[in-house]
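S.K.: Mind looking over this structure? Questions follow.
The values are calculated or read from the model by the stated rules, or taken from the named source; none is laboratory data. For clarity, every value in this text was computed on a predicted model and none was experimentally measured. Methodologically, a virtual Cβ is constructed for each residue, glycine included, from the backbone with ideal geometry; neighbour enumeration extends over all protein chains shown. Calculation scope for accessible area: heavy atoms of the full protein, side chains included, ligands and nucleic acids excluded. Shrake-Rupley method; radii C 1.70, N 1.55, O 1.52, S 1.80 Å.
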Amino acid sequence: MTGISTARRIEIVWPDLGITVTAELDGRNPELADALWDSLPYQSLQGHALVAGQHLYHHVPIPSLLHLHPSERIPDRRDAPDGTVFCSGLQHLGIKYGTLTEPMPAAPVGRIRDEDITAHKDAADAVWDAVYTTKKQILVEVRKAGTTGGHTIPRLTATHPDAQTLINDVHTETERHWLTAPPELAHLHEGHIPSGAGTHDTVLPTLLFVNGETRPLGYASYGGLIRAAVADMPLEPLRQMTRLLIGVPAEFLGYCGLEKLWHYTQRFLTLLDHLDRDDYLAVTRQLALYINLLGAWNLHLFPWNATDDLRQHRTELELPA
């Protein structure tokens, strides 16, 4: 084995594909690596980058990833070696397996061992086909090397009884649909939209808007609010920003079919003025995990090949002077 020591190793397994690869957590970004290690084992729906290139990623059940600060960043992940394992503030574990097109900094925590690079690329090819075309649900399991697998979703705690009840309900829904598509999303993608959202009975525009609202709600709004709370932003401005950032998109998503999300959001907003910082963080972290779950499933279910005949032009476009 080349360049891999006997330090902390993880196995990344795609049971349906019969593929297992081993990676080492190599000492970079120890706080992120510790959070990953302590979360093991877990399972998730395996996803694939849709605009960034040859990159696998999946949603991880680690609430702290939304606010942990990496101590080391690769300035441009396009330059990282194939097989580099990243932990992301978007609550993802990602692995580069080829050419990337999106120039962005990234936080590495380890690397796939050299002898498993080919197997990893084989898994990635199968996942791309599933995400883009067949919609086969390929699960991934991440575990400490040499151990058996398993799966848990963290349940956070609050002192306010109504906040804890909300956390319990959101946790139950998250756990129920972590590995199977949430029925509201599945029905939406089958064309069943109770509100009738979709002008002239269309479905694709509604799917597009659901995707466009769900991802930033989890990644940007909830992620930003959690980071602000951890950084000790005063509670009253934090409450004001919460009302400004989450109510409108959640209501719109409820109209489009994600009625449980809107229901949970209304309960959260009703409680908002009664939560101290710790309870606020517990509720927002639990909701963020759920919303990012919806985002992951929506990305898988979306009919990305609907315009498969439309491909990029590799010749430079001449614009008018």
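S.K.: Which shape class, rounded, prolate or oblate, goes with region 1-84 when its Cα gyration tensor gives a ≥ b ≥ c as root eigenvalues, a/c under 1.5 marks rounded, and past that a/b bigger than b/c marks prolate?
M.R.: In terms of gyration-tensor shape, rounded.
S.K.: Leaving ligands, DNA and RNA out of it, report the carbon-plus-sulfur percent of the accessible area of region 132-248 at a 1.4 Å probe.
M.R.: Answer for region 132-248: carbon and sulfur cover 58 percent of the accessible area.
S.K.: Quick one: which of LYS96/LYS260; LYS96/LYS135; LYS96/LYS144 span more than 32 angstrom between C-alpha atoms?
M.R.: LYS96/LYS260
S.K.: How many angstrom lie between the Cα centre of region 169-228 and the Cα centre of region 40-95?
M.R.: When both Cα centres are located, 21 Å separates them.
S.K.: Say the dipole of the chain comes from +1 at the beta carbon of Lys and Arg and -1 at that of Asp and Glu; which of HIS192, THR307, LEU36 then lies farthest toward its positive end?
M.R.: Sorting the options by dipole projection puts first LEU36.
S.K.: Report the residue, chosen from HIS192, HIS92, HIS200, that carries the largest GNM mean-square fluctuation when the chain is represented by alpha-carbon nodes joined by springs under 10 Å.
M.R.: HIS200
S.K.: Ranking request for peptides 131-144, 39-52: highest mean number of other beta-carbon atoms within 10 Å first, then the rest in descending order.
M.R.: Put in order of decreasing packing, that is 39-52, 131-144.
S.K.: Follow-up. Specify whether the C-alpha gyration tensor of region 114-244 places it in the rounded, prolate or oblate class, a ≥ b ≥ c being the square roots of the eigenvalues: rounded for a/c under 1.5, otherwise prolate if a/b is larger than b/c and oblate if not.
M.R.: oblate
S.K.: Right, here's the next one. Tell me the volume per residue, in Å³, of the convex hull enclosing the alpha carbons of the chain.
M.R.: Cα-based convex hull of the chain, divided per residue, equals 170 Å³.
S.K.: Can you tell me how region 33-80 classifies by the Cα gyration tensor, rounded, prolate or oblate, using a/c under 1.5 as the rounded cut?
M.R.: Here region 33-80 falls in the oblate category.
S.K.: Shifting gears a bit: If each residue of separation counts as 0.36 nm, what is the full-extension length gain between ASP76 and VAL230 once their alpha-carbon separation is subtracted?
M.R.: Extending this stretch completely gives an extra 52.7 nm.
S.K.: How much accessible area per residue does the chain have, in Å², with a 1.4 Å probe?
M.R.: 47 Å²
S.K.: To the nearest 20 debye, what is the magnitude of the charge dipole of the chain about its Cα centre, counting +1 on the Cβ of each Lys and Arg and -1 on the Cβ of each Asp and Glu?
M.R.: So the magnitude is around 280 debye.
S.K.: Compare LEU294, LEU204, LEU217 in a GNM of the chain, Cα atoms joined below 10 Å, and give the one with the largest fluctuation.
M.R.: Highest fluctuation among the options: LEU204.
S.K.: Would you mind computing, in nm to one decimal, how far apart the modelled labels at ASN168 and ASN211 are, each placed 7 Å from Cα along Cα→Cβ?
M.R.: Each label point lies 7 Å from its Cα, and together they span 3.8 nm.
S.K.: Just the number, please: carbon plus sulfur as a percent of the accessible area of region 1-127, 1.4 Å probe, no ligands or DNA/RNA counted.
M.R.: Within region 1-127, the accessible surface is 49 percent carbon and sulfur.
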